[in-house]
Amino acid sequence: MPSPSIMMGVISALVAGVAALHARVHDDTFTPDLVLSVTRQNVSVAGIERYSTLINSSLPAPMLRIPENQVVWIRVHNEMVDENVTIHWHGLAQAAYPFSDGTPLASQWPIPPKHFFDYELKTLDGTAGTYFYHAHVGFQAVTATGPLIVESAKPPPYAYDDERIVFLQELFNKTDAEVEEGLVATPLRWTGEPQSWLINGKGISSYGIVDPSSATLSVIDVEPHKAYRFRFIAATSLSYASFGFENHTNLEIIEADGHYTKVHSVEFLQMGTGQRFSTLLKTKTCDELKSFGKLDFYMQLESRDRTSVVTNYAILRYDGSKCNSTISTKDLHVPVNANPLTTPIQLPPTVNGFLDYVLQPLEPNDFPAATEVTRRIVINVQQIVNQWYAWENNGVRWTDDASDPLEHTTPSKPYLVALYQNETGYLPNYELAITNGGLDPETKTSAHVHTTGPPAAG
Ligand SMILES: [Cu+2]
C-alpha cells in the first residue's frame, strides 16, 4: 500500500486535473483547518466498559461547524496501531471532491496506522444544514462519529433563538470486531439488539453495568418561552429509532437531510440510519411550567421494527431561574442517574412510510415531476430467510465471501482513481445490466446506499 503522503500527492494531482503537472504534497508543514485524531481505547459509557474507536477522544466526536461553499481541509490522523481508518462526511455531495469522500477502496486507500490523510471538503451552495461524520472501516462508526453542521453566511430561513443537537447512537456490549464478524459472516449472524441507545453520548444500559458513575442521562438545557431548532442526527448502524418528548407534541420539521423544507408538524419522529431532521420546538412558558409543576421533561427513544424494544431517555431541563418566584427549582427535577420508573410517553408502533411524499422543499428544486420521468429503475432489496439470512439486490446476493466466484478481491487501486485514469474494468456494463434485471452481473455494481429515509417530494 502506498504511503499516505504519496497517495495524497497522487490525489492532489488528480483533483487538480490534467492541467497540473506537479502534485501538491501535504506534509506536516501544511496547516489544515481542522485536525482529527482517531484512537481506540476503553471507555466507560452508559455504565458499561467498551473498547471503542474514538475521534479526538470524545464520544460522540466533537461537533464540526463548517462554512457553506468554502474549501475546508481536515487532517485525520490514524493513531490506532492495528486498524485502518477513513472518515466519511455523511450527506455531503462532494461532487467536485470525490477523493475526499472517505469510502475505503472506492475513493481512497484507507489510512494505515500512524499516518494521516488530508480531506478537502467544499459544500455546495444551498446545502447548509445538518450532517454528521463517521469512520468508514469495519464497525468503527458505531462510536467514531460526530455532528457536522454546514452553516450559511445568510441567516437561516426560519427564526429561532438557539439550537440544540440530539445525536443518536447505539451502544453494543461487544467489541467492533465481534459485531462485525457476525455481520459479514456467510451465513450472517445477527448481533442482537444494542444494550442501550446513547443520546448525546449518554444513557443507561439495560444490563451489564459495571460503572454506575457513567450510567447517566443526557440533560439538554432550555429556557422557557423560546424557540429552539433541534437538530436530530441518527448516527446509528442497525436500529430504527422512534423519538418523542414528554408533553411537547408539536415538532415543526424545517429541514430533512440537509435541505430546508416547508413546515410540517409531527408529534414524534422516526429515524432510519443516517437520517437527519431539524424541528422547531417552542418551549413552555413559565405559567405552563407552573401548571405542570415540573422543570424536567423526558425525551424517549425506542427501537422499532424488531421483536424486542430498546428504550432509553434523556432530559429536557428548564432553567427555572428565568421565571419569577412562583417556580422554585426544589423538587421539580428528576434524577439523572436513573431511568424513569414508568414510561412517560406512548410512542406509536412503526409507521411504515413515515413522511414519505409528505415533505416539500422550501425552495423549488429542479427535480422532475413524476409525469416527466422517462425511465424507472427498480431496485428490489430483500432479506432472504431460508437456511440462513442473506441480502439480495434484484436477486443478486452481496457477500464478503472470498470463496464466492463472483466476489471481487481487493482492487489494485481505488475504484474512483481507476475510473479517473480511464480504466474501464470497474465500469458497470449498462447493456448487460438491462438484460439482467438492472444489475451488471460482472461488476455486481450496486449503489452505496446509507440513507433509507424519504426524499423531500419535488
Ligand atoms: Cu454515512
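The values are calculated or read from the model by the stated rules, or taken from the named source; none is laboratory data. Quick caveat, the model's predicted, so the values are computed rather than measured. Backbone-built Cβ (ideal geometry, glycine too); neighbour counts: all protein chains shown. Ligands, DNA and RNA are excluded from the accessible area calculation, which covers all protein heavy atoms including side chains. Shrake-Rupley method; radii C 1.70, N 1.55, O 1.52, S 1.80 Å.
Got a number for residues in the stretch 399-415 being surrounded by 13 or more Cβ atoms within 10 Å (Cβ to Cβ) and modelled with pLDDT of 65 or more?
Within the stretch 399-415, residues that are surrounded by 13 or more Cβ atoms within 10 Å (Cβ to Cβ) and modelled with pLDDT of 65 or more number 4.
Inside the stretch 200-240, can you point out the residues that are of a type in the set (G, A, S), within 16 Å of S278 (Cβ to Cβ) and either assigned to a strand (DSSP E or B) or free of Cβ contacts under 8 Å to residues at least 24 places away in the same chain (or both)?
Answer for the stretch 200-240, where residues must be of a type in the set (G, A, S), within 16 Å of S278 (Cβ to Cβ) and either assigned to a strand (DSSP E or B) or free of Cβ contacts under 8 Å to residues at least 24 places away in the same chain (or both): A227, A234.
What number of residues within the stretch 247-257 are under 10 Å from F277 (Cβ atoms) and open to solvent by 10 Å² or more (accessible area, probe 1.4 Å)?
The number of residues fulfilling the criteria is 2.
Answer yes if at least one residue in the stretch 64-76 is within 25 Å of I199 (Cβ to Cβ) and among the hydrophobic types (A, V, I, L, M, F, W, C), and no otherwise.
We begin by selecting, within the stretch 64-76, every residue within 25 Å of I199 (Cβ to Cβ); these are 64-66.
Within this subset, residues satisfying the condition of being among the hydrophobic types (A, V, I, L, M, F, W, C) are 64, 66.
There is at least one residue in the stretch 64-76 that is within 25 Å of I199 (Cβ to Cβ) and among the hydrophobic types (A, V, I, L, M, F, W, C).
Just the residues that are open to solvent by less than 50 Å² (accessible area, probe 1.4 Å) and of a type in the set (G, A, S), please, taken from the stretch 185-222.
A185, G192, S196, G201, G203, S205, G208, S214, A215, S218
When you go through P344, P340, P361, P368 one by one, which is the residue that is of a type outside the set (A, V, I, L, M) and exposed (fewer than 13 other Cβ atoms within 10 Å of the Cβ)?
Values: P344 fails: exposed (fewer than 13 other Cβ atoms within 10 Å of the Cβ); P340 fails: exposed (fewer than 13 other Cβ atoms within 10 Å of the Cβ); P361 fails: exposed (fewer than 13 other Cβ atoms within 10 Å of the Cβ).
Among P344, P340, P361, P368, only P368 is of a type outside the set (A, V, I, L, M) and exposed (fewer than 13 other Cβ atoms within 10 Å of the Cβ).
Quick test for you: out of L121, L168, pick the one residue that is part of a strand (DSSP E or B), over 29 Å from A46 (Cα atoms), open to solvent by less than 30 Å² (accessible area, probe 1.4 Å) and not β-branched (V, I, T).
Values: L168 fails: over 29 Å from A46 (Cα atoms).
Matching residue, one of L121, L168: L121.
Yes or no, residue by residue, for (1) hydrophobic (A, V, I, L, M, F, W, C); (2) at pLDDT 95 or above; (3) more than 21 Å from the chain's Cα centre (by Cα):
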{"site": "L168", "(1), (2), (3)": "yes, yes, no"}
{"site": "A177", "(1), (2), (3)": "yes, no, no"}
{"site": "R189", "(1), (2), (3)": "no, no, yes"}
{"site": "K202", "(1), (2), (3)": "no, yes, no"}
{"site": "A215", "(1), (2), (3)": "yes, yes, yes"}
{"site": "V266", "(1), (2), (3)": "yes, yes, yes"}
{"site": "G272", "(1), (2), (3)": "no, yes, no"}
{"site": "S278", "(1), (2), (3)": "no, yes, no"}
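Determine which member of the set S100, S44 is within 16 Å of the ligand (Cβ to nearest atom), in contact with a Ser or Thr (Cβ under 8 Å, 6 or more places away or on another chain) and not β-branched (V, I, T). Steps first, please.
Working: S44 fails: within 16 Å of the ligand (Cβ to nearest atom).
Being within 16 Å of the ligand (Cβ to nearest atom), in contact with a Ser or Thr (Cβ under 8 Å, 6 or more places away or on another chain) and not β-branched (V, I, T) holds for just one of S100, S44, which is S100.
Quick one: in the stretch 140-177, which of the residues that are more than 16 Å from the ligand (Cβ to nearest atom) and polar (S, T, N, Q) is nearest to G258 (Cα to Cα)?
S152
With respect to S237, determine if the residue is small (G, A, S) and in contact with a helix residue (DSSP H, G or I) (Cβ under 6 Å, 6 or more places away or on another chain).
In short, yes.
Which of the residues spanning the stretch 230-246 are hydrophobic (A, V, I, L, M, F, W, C), surrounded by 19 or more Cβ atoms within 10 Å (Cβ to Cβ) and within 16 Å of the ligand (Cβ to nearest atom)?
Within the stretch 230-246, F232, I233, A234, A235, A241 meet the criteria.
Assess whether Y260 counts as being open to solvent by 30 Å² or more (accessible area, probe 1.4 Å), farther than 26 Å from D305 by Cβ and in a strand (DSSP E or B). Give the steps one after another, and end with the answer.
Numbers: open to solvent by 30 Å² or more (accessible area, probe 1.4 Å): yes; farther than 26 Å from D305 by Cβ: yes; in a strand (DSSP E or B): yes.
Against the criterion (open to solvent by 30 Å² or more (accessible area, probe 1.4 Å), farther than 26 Å from D305 by Cβ and in a strand (DSSP E or B)), Y260 qualifies.
Kindly provide the set of residues from the stretch 140-165 that are outside any strand (DSSP E or B), open to solvent by 10 Å² or more (accessible area, probe 1.4 Å), touching a residue at least 12 places away in the same chain (Cβ under 8 Å) and over 24 Å from A96 (Cβ atoms), ordered by number.
Of everything in the stretch 140-165, those that are outside any strand (DSSP E or B), open to solvent by 10 Å² or more (accessible area, probe 1.4 Å), touching a residue at least 12 places away in the same chain (Cβ under 8 Å) and over 24 Å from A96 (Cβ atoms) turn out to be A141, P156, P157, Y158, A159, Y160, D161.
Please find, within the stretch 273-289, the residue that is nearest to the ligand (Cβ to nearest atom) out of those that are open to solvent by less than 40 Å² (accessible area, probe 1.4 Å) and of a type in the set (D, E, K, R).
Among those that are open to solvent by less than 40 Å² (accessible area, probe 1.4 Å) and of a type in the set (D, E, K, R), it is R276.
With the checklist (1) modelled with pLDDT of 95 or more; (2) exposed (fewer than 14 other Cβ atoms within 10 Å of the Cβ) in hand, flag the one item D27 doesn't pass.
All conditions are met except number (1).
Residue check: is V137 open to solvent by 10 Å² or more (accessible area, probe 1.4 Å) and either within 13 Å of the ligand (Cβ to nearest atom) or under 29 Å from R50 (Cα atoms) (or both)?
So V137 fits the description; yes.
Yes or no: the stretch 55-69 includes at least one residue that is at pLDDT below 85 and assigned to a loop (DSSP other than H, G, I, E, B).
no
Restricting to the stretch 241-257, name every residue that is touching a residue at least 40 places away in the same chain (Cβ under 8 Å) and in a strand (DSSP E or B).
Quick first cut of the stretch 241-257, residues touching a residue at least 40 places away in the same chain (Cβ under 8 Å) only: 241-248, 253-257.
A241, S242, F243, G244, F245, H248, I253, I254, E255, A256, listed by residue number.
Would you check which residues across the stretch 171-197 are among the polar types (S, T, N, Q), in contact with a Leu (Cβ under 7 Å, 6 or more places away or on another chain) and part of a loop (DSSP other than H, G, I, E, B) and list them? Give the derivation first.
Let us first name the residues in the stretch 171-197 that are among the polar types (S, T, N, Q), namely 173, 175, 186, 191, 195-196.
If we keep only those that are in contact with a Leu (Cβ under 7 Å, 6 or more places away or on another chain) too, we end up with 191, 195-196.
Of everything in the stretch 171-197, those that are among the polar types (S, T, N, Q), in contact with a Leu (Cβ under 7 Å, 6 or more places away or on another chain) and part of a loop (DSSP other than H, G, I, E, B) turn out to be T191, Q195.
What's the number of the only condition in (1) modelled with pLDDT of 80 or more; (2) in contact with a Gly (Cβ under 9 Å, 6 or more places away or on another chain); (3) surrounded by 10 or more Cβ atoms within 10 Å (Cβ to Cβ); (4) not polar (S, T, N, Q) that G453 fails to meet?
The number of the failed condition is (1).
When the residues of the stretch 83-97 are narrowed to those that are open to solvent by 10 Å² or more (accessible area, probe 1.4 Å) and in contact (Cβ under 8 Å) with a residue 40 or more places away in the chain, which ends up nearest to the ligand (Cβ to nearest atom)?
H88
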